[in-house]
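Reviewing the structure listed below.
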Amino acid sequence: MPIEVRSLAEWQAAGVKGLLSVVIPAFNEEGHIEETVRQFARVLRGAGITFEILVVNDNSTDGTERILEMLCASENSVRTVNNGPPAGFGFAVRRGLAEFRGDAVAIVMADGSDDPEDLLRFYETLESGYDCVFGSRFMRGSRVADYPKPKLILNRLGNLLIRTLFLLRYNDVTNAFKLYRRTAIAGIQPILSQHFNLTVELPLKCIVRGYRYAVLPNSWKNRKSGASKLRIKEMGSRYLFIILYCWLERLLSRGDYRNQELTWESQLQVWHR
């Protein structure tokens with residue numbers, strides 16, 4: 001059930017100019033979330049960037065919620081929302097994308113795998129005139145540590161499929177670490193994915209709908225503790241659905257959705273679950 005409904009035009013206009021939002025979905029991340037939040041806050045504050053960090057607590061059953069309450073009390077740029085059932089990475093990110101306040105938003109993993117210094121380069125590039133900045137862990141200048149071999153093989157095969165279908169040079173569409181203008185998030189509604197396939201839906205829709213994007217190398221390191229929330233056996237059909245959905249839009253829409261002004265914006269809504 002939606003708890004609040006607003007027109008897409010109103011939601012888009014509500015963005016705070018010059019404010020960078022960092023959305024972090026967190027499910028049972030008591031071992032990482034404090035360090036991740038404090039590192040991003042320190043780096044962004046040191047660079048003089050006005051920011052907020054929005055952590056979406058995705059039905060955690062460990063001490064994550066308690067740690068988030070402590071962080072909100074000690075860091076005035078941090079806030080948190082609790083994502084109601086059903087749980088899922090996609091649901092949590094979608095909640096964050098409905099709730100963020102800035103005119104730009106980065107999606108960051110809670111497990112400390114992403115480097116805050118990369119976000120500075122991404123934001124500088126976005127401010128130079130792009131709608132989106134996408135990270136690649138597999139290009140010159142990137143650094144990857146301890147990527148599990150089975151996941152690496154599936155990653156490269158999946159990205160090869162995407163590159164072939166969409167005729168892309170971008171080689172890491174499945175990378176979660178990306179930065180978007182608020183206008184781009186508004187322009188790719190409705191978002192369908194409920195799980196990790198959201199990492200593919202967001203960039204492919206931006207590409208298909210004509211938003212200007214840049215690709216930069218980014219660093220990635222495997223989590224120090226805890227288990228990855230990605231379940232490979234469960235995700236194959238979900239990724240394939242989203243890939244084919246975006247491919248059919250590209251094939252059949254004839255550019256009808258390509259970065260247009262929202263002339264029908266009053267008919268669209270951003271739903272808060």
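Contact map, the stretch 79-95: residues that are farther than 24 Å from LEU20 by Cα and modelled with pLDDT under 95 paired with residues that are outside any strand (DSSP E or B) and of a type outside the set (A, V, I, L, M, F, W, C), Cβ distance under 7 Å, separation 6+ or inter-chain. Pairs shown: GLY84/ARG273; PRO85/ASN59; ALA87/ASP58; ALA87/ASN59; GLY88/GLN194; GLY88/HIS195.
If you go through the stretch 194-206 and keep only what is modelled with pLDDT of 95 or more and touching a Gly at 6+ places or on another chain (Cβ under 6 Å), you end up with just LEU198. Please indicate, with yes or no, whether at least one residue in the stretch 176-187 is in contact with a helix residue (DSSP H, G or I) (Cβ under 7 Å, 6 or more places away or on another chain), among the β-branched types (Val, Ile, Thr) and farther than 19 Å from SER113 by Cα. Yes, the conditions are met somewhere in the stretch 176-187.
Looking across the stretch 122-148, just one residue is buried (at least 17 other Cβ atoms within 10 Å of the Cβ), charged (D, E, K, R) and either touching an Asp or Glu at 6+ places or on another chain (Cβ under 9 Å) or not in a loop (DSSP other than H, G, I, E, B) (or both), and that is ARG137.
May I ask you to verify whether VAL43 is touching a residue at least 40 places away in the same chain (Cβ under 8 Å) and in contact with a strand residue (DSSP E or B) (Cβ under 8 Å, 6 or more places away or on another chain)? Spell out how you get there, then give the answer.
Details: touching a residue at least 40 places away in the same chain (Cβ under 8 Å): yes; in contact with a strand residue (DSSP E or B) (Cβ under 8 Å, 6 or more places away or on another chain): no.
Taking the combined requirement at face value, the residue does not satisfy it.
Among the residues of the stretch 177-194, those that are crowded, with 20+ Cβ neighbours inside 10 Å and either in a loop (DSSP other than H, G, I, E, B) or among the acidic types (Asp, Glu) (or both) comprise PHE177, ILE188, SER193. A Cβ distance below 8 Å, combined with a sequence gap of six or more or placement on separate chains, defines the contacts here; from the stretch 52-75, residues that are touching a residue at least 24 places away in the same chain (Cβ under 8 Å) and farther than 9 Å from ALA26 by Cβ reach residues that are of a type in the set (Phe, Trp, Tyr) and surrounded by 14 or more Cβ atoms within 10 Å (Cβ to Cβ) in the pairs GLU52/PHE100; ILE53/PHE40; LEU54/PHE100; ASN59/PHE27. Annotation note: Cβ proximity below 6 Å between a residue of the stretch 190-214 that is of a type in the set (S, T, N, Q) and a residue that is assigned to a loop (DSSP other than H, G, I, E, B) (sequence gap 6+ or interchain) occurs for GLN194/GLY88; THR199/THR174; THR199/ALA176. Whenever a residue of the stretch 13-35 is more than 14 Å from TYR180 (Cα to Cα), its partners that are part of a loop (DSSP other than H, G, I, E, B) and among the acidic types (Asp, Glu), lying with C-beta atoms within less than 6 angstrom and at least six residues away or across chains, give the pairs PRO25/ASP58; PHE27/ASP58; ASN28/ASP62; GLU30/ASP62; HIS32/ASP111. Every test in (1) touching an Asp or Glu at 6+ places or on another chain (Cβ under 7 Å); (2) part of a helix (DSSP H, G or I) is passed by LYS205 save one, and that test is (1). Checked against the criteria, ALA176 counts as closer than 27 Å to LYS17 by Cβ and modelled with pLDDT under 95.
The values are calculated or read from the model by the stated rules, or taken from the named source; none is laboratory data. Not measured: the values here are computed from a predicted model. Glycine gets a Cβ as well: all are built from the backbone with ideal geometry, and neighbour counts include every protein chain shown.
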